[in-house]
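**Student:** This is the structure, below, for whatever I ask next.
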Amino acid sequence: MQTAIRSACLFVVCLVVASVLGCATARIYSGPQLPPDQVAFLERGDLSQSLSSIDGRESGNFFLMNRALEILPGEHTIVVGYNSGSKHSTQRTTLTFTAKPGTRYILKSNAVGMRWEPTIVEKE
């Protein structure tokens with residue numbers, strides 16, 4: 001019985017940690033942290049999106065553990081995929097966009113027939 005209670009408590013703790021981390025923002029540039037009006041933010045639109053790399057750098061768990069990425073203004077190239085359990089992308093998609101300072105962007109998932117077409121748009 002105590003093992004079941006410990007397992008349940010551990011599960012709840014893991015859920016709380018995952019939810020807190022899932023709301024965080026990962027700063028992916030080096031140097032001192034800049035004010036929000038001098039950087040841009042890229043948010044994932046939903047949990048089914050996976051980010052393989054940004055600007056040629058493997059992303060690791062950036063999108064898994066964080067809701068948004070804090071990036072420097074300028075041109076960025078990301079490689080993304082999609083997996084919602086029953087549906088998934090068969091290949092990664094490369095997107096390039098130019099980030100403006102003080103702007104938030106969102107990675108959108110668009111279903112076009114049987115195809116997944118991601119886009120990056122300014123968040124309203």
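**Student:** Considering only residues that are under 17 Å from the mean Cα position of the chain (by Cα) and either more than 15 Å from residue 92 (Cα to Cα) or crowded, with 17+ Cβ neighbours inside 10 Å (or both), which ones fall in segment 103-115?
**Tutor:** Step one: filter segment 103-115 for residues under 17 Å from the mean Cα position of the chain (by Cα), giving 103-110.
Hits for segment 103-115 are 103, 104, 105, 106, 107, 109.
**Student:** While we're here: Regarding residue 63, is this residue modelled with pLDDT under 80 and out of contact with any helix residue (DSSP H, G or I) (no Cβ under 7 Å at 6 or more places or on another chain)? Spell out how you get there, then give the answer.
**Tutor:** Values: modelled with pLDDT under 80: yes; out of contact with any helix residue (DSSP H, G or I) (no Cβ under 7 Å at 6 or more places or on another chain): yes.
Here the answer is yes, as residue 63 does meet what is asked.
**Student:** Right, another one. Looking at 34, 51 in this structure, which one is at pLDDT 85 or above, among the aliphatic types (A, V, I, L, M), within 18 Å of residue 84 (Cα to Cα) and surrounded by 14 or more Cβ atoms within 10 Å (Cβ to Cβ)?
**Tutor:** Numbers: 34 fails: within 18 Å of residue 84 (Cα to Cα).
Of 34, 51, the one residue that is at pLDDT 85 or above, among the aliphatic types (A, V, I, L, M), within 18 Å of residue 84 (Cα to Cα) and surrounded by 14 or more Cβ atoms within 10 Å (Cβ to Cβ) is 51.
**Student:** Mind counting the residues in segment 27-79 that are in contact with a Phe, Trp or Tyr (Cβ under 9 Å, 6 or more places away or on another chain), within 14 Å of residue 104 (Cβ to Cβ) and small (Gly, Ala, Ser)?
**Tutor:** 2
**Student:** Take residue 81 and tell me if it is on the phi > 0 side of the Ramachandran plot and not hydroxyl-bearing (Ser, Thr, Tyr). Spell out how you get there, then give the answer.
**Tutor:** Details: on the phi > 0 side of the Ramachandran plot: no; not hydroxyl-bearing (Ser, Thr, Tyr): yes.
Answer is no for this residue.
**Student:** Report, by residue number, each residue of segment 66-121 that is touching a helix residue (DSSP H, G or I) at 6+ places or on another chain (Cβ under 8 Å) and among the β-branched types (Val, Ile, Thr).
**Tutor:** Keep residues of segment 66-121 that are touching a helix residue (DSSP H, G or I) at 6+ places or on another chain (Cβ under 8 Å), which gives 66, 69, 73, 101-102.
The answer is none; no residue qualifies.
The values are calculated or read from the model by the stated rules, or taken from the named source; none is laboratory data. Since the model is a prediction, treat every value here as computed from it, not as a measurement. Cβ coordinates were reconstructed from backbone atoms using ideal geometry, including for glycine residues, and neighbour counts include every protein chain displayed.
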